[in-house]
Each structure stands twice: as C-alpha cells, then as structure tokens.
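Here, each number is a calculation from the coordinates, and none is a lab measurement. Everything numeric here is computed off the predicted structure, so don't read it as measured data. Glycine also receives a Cβ, built like all others from the backbone with ideal geometry; neighbour counts cover every protein chain displayed.
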Amino acid sequence: MTRVLRIIGTLIALTCIGVLIAQQAQNLPTLDLTSPALWGWLGIGLIGYVLSQCAAAEAWRSILSLWGVQIAPHMARGQPMVSQIGKYTPGNVAHLFGRLMLAKKDGVNAGIVAASMVMEVAITLAVGLGTAVLLLVALPDALPNLTARYPELATRLVPVSAGVLGAIGIGVGAIFLKSRLNAIDVARPSTAALMRPVALHLASFGILGVSLWATAQAIAPATAPGIVTSTLIFAVAWAVGFVVPGAPGGIGVRDSIIVLGLAVSVGEGSGLAIAILHRGVSVLGDVTTFGIGWRLRRPRSEAISKNRPEPASFPAI
C-alpha cells in the first residue's frame with residue numbers, strides 16, 4: 001500500500017508540473033541571460049535558501065538537545081544537511097532514513113532519533129500552516145484574489161485538503177511521539193524548551209519567502225509580489241507538497257501551487273518561470289547544503305558521541 005501511495009504521489013507531481021509547462025510554454029518570458037540583475041537576484045535567492053537550511057539544521061540540533069543527547073554540535077547539524085539530499089528520491093522518505101542512519105552512526109539512540117523526527121515534522125507543519133494562516137489574516141485580499149481567478153481550487157480543494165491533512169498529520173504525529181517517549185522513558189520537553197526550534201523553523205520559512213521573492217524579482221521586478229505575499233505562497237506550497245505522498249522534494253506539487261499563487265500578480269507564464277527557476281535554486285541550494293554538511297561531519301579529533309542519552313555537551317535549550 002505504501003509503495004502504491006508513493007507511485008501515485010510521484011505521478012501526481014509529474015503530472016502537475018507537466019500540465020503547467022504544456023499549457024504555459026508559449027507564455028514563458030524571454031530572459032536576458034547577460035543581465036547582472038537577473039543573476040544578482042538569483043544569487044540572493046540561493047543564499048537565502050542555503051541560510052534557511054542552516055536554520056533548519058540548527059533547529060534539529062536543538063531538538064536533539066531536548067533529550068540530553070551528547071554529540072558534537074557540528075555533527076548534529078550535519079545530519080539533516082547531508083541526508084536531506086535524499087528527499088529527491090521517489091517516496092519522499094529517503095532523507096529521513098538517511099538521517100536515522102547518520103544519527104545511529106553518531107551513537108544516538110534510535111528511539112530518540114525517531115521521536116525527534118516526529119517532533120520536527122510536527123513543528124515544521126505547524127509553523128508552515130500557522131505562517132500561512134497568519135499571513136492570510138495579514139493579507140485579507142490574498143484569498144479573494146485567488147478565489148476570483150481559480151474559484152473551484154480556492155474555495156474547495158486547498159482549504160479542505162490542507163485542513164484535513166494538517167489535522168490528520170498533527171494528530172498522528174502527537175500520538176506517535178507520545179508513545180515513543182513513553183517507550184524509551186524520556187521526559188517530554190516543556191513548552192518553553194520547544195520555543196527555540198519553533199523560532200528557528202519560523203525564521204527558516206521567512207528566509208525561504210525572501211528566496212522566492214528574490215527569484216520573482218529576477219523575472220518580473222515590476223509586478224512581483226512583496227516579501228510577505230511570497231512567504232505566504234511558499235508556506236502554502238511547502239505544506240501541500242510535503243503531505244502529498246511520494247512527491248520527491250515536493251516537485252511538481254509545490255511548484256504548481258507557487259505558479260497559482262504568483263499568477264495573480266505576474267501572470268501564469270511568468271509565475272511558471274519563477275517556479276521553475278526557484279526549483280533550480282532550491283536544488284542547487286540543497287547540493288550546496290549537502291557540501292557544507294559533509295564538511296561539518298568530517299572526522300575531528302575532538303568529536304565525541306555516546307550510545308545513550310546524557311547531558312548535552314552544548315547548551316540544551
């Protein structure tokens with residue numbers, strides 16, 4: 001059943017982006033590849049994407065520290081930075097399996113790794129959906145504009161799907177996390193202790209919004225939406241792309257939502273160009289992040305790991 005869902009998810013992803021490209025290929029804008037402004041904005045988008053992944057890696061280190069895991073900080077940060085490249089394989093789970101293997105190699109208890117990954121997913125989904133809701137409140141015209149352009153999608157598919165999937169995901173995650181913590185006899189972290197990874201993931205989404213905004217500036221500087229709107233679009237697109245089973249790195253699904261969100265202000269042709277370029281920026285950013293993580297995890301004489309959780313060797317907040 002899981003394999004079927006992965007295949008279906010991959011087909012959905014490829015179909016979404018394939019249909020968009022087929023429909024809007026003739027409307028794609030002509031890019032001046034000799035323009036310094038084009039490459040400058042894309043460079044800003046790339047830097048922003050890499051910084052967002054660094055923030056997410058620090059959030060992972062913070063989550064591990066909640067359980068009192070003793071591991072060198074650079075090794076903890078490197079785990080998601082190296083393993084995240086696996087999200088581009090069909091199934092959308094290889095990066096999680098890779099992180100589990102790296103953490104076990106570092107001597108971290110497998111149960112704690114599993115609980116940490118569940119907590120990270122719950123935090124990321126909650127922050128992503130929460131960011132989208134808050135920005136929709138801050139931008140009251142955003143949903144009406146989308147509704148006017150795509151009435152069926154805006155009024156039925158997106159809110160219902162996001163709400164149902166979000167509720168199911170958070171509920172299942174909470175149940176699984178509680179059972180894992182009880183099984184390995186680890187105390188649940190306090191609300192105050194959770195604020196640091198929550199804040200880091202919130203910062204990550206904000207930086208990703210800047211990355212998408214910079215990419216939009218490279219294509220359509222006169223009509224591109226602002227940073228707040230770009231962050232809203234990316235948050236919704238990320239959440240939908242994350243929950244679709246099997247979509248490698250959210251490819252196709254996330255890009256389609258970005259096109260729909262941007263089309264209100266820049267048109268579907270330019271929106272598709274922005275989505276494709278931002279996908280390229282994110283792929284290059286993931287490769288760059290992988291390289292940074294690989295270097296962080298190079299053997300160091302002072303690196304220490306333990307087979308059981310003990311008081312962290314770095315600030316446990």
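Between Tyr88 and Ala192, the distance separating the two model label sites (each 7 Å from Cα on the Cα→Cβ line) works out to 4.3 nm. Along segment 191-206 the Karplus relation, 6.51 cos²θ - 1.76 cosθ + 1.60 evaluated at θ = phi - 60°, assigns HN-Hα couplings of 4, 4, 5, 6, 5, 5, x, 5, 5, 5, 5, 5, 4, 4, 5, x Hz to successive residues, with x for each Gly and Pro.
For Phe234, the shell of other residues with beta-carbons less than 14 Å away shows a net charge of +1, using +1 for Lys and Arg and -1 for Asp and Glu.
Work out the charge dipole of segment 36-115 with +1 on the Cβ of Lys and Arg and -1 on the Cβ of Asp and Glu about the Cα centre, then indicate which of Ala57, Asn109, Pro36 is farthest towards its positive end. The one lying farthest along the dipole's positive direction is Asn109.
Label-to-label distance for Asp141 and Lys104 is 5.4 nm, based on points extended 7 Å past Cα in the beta-carbon direction.
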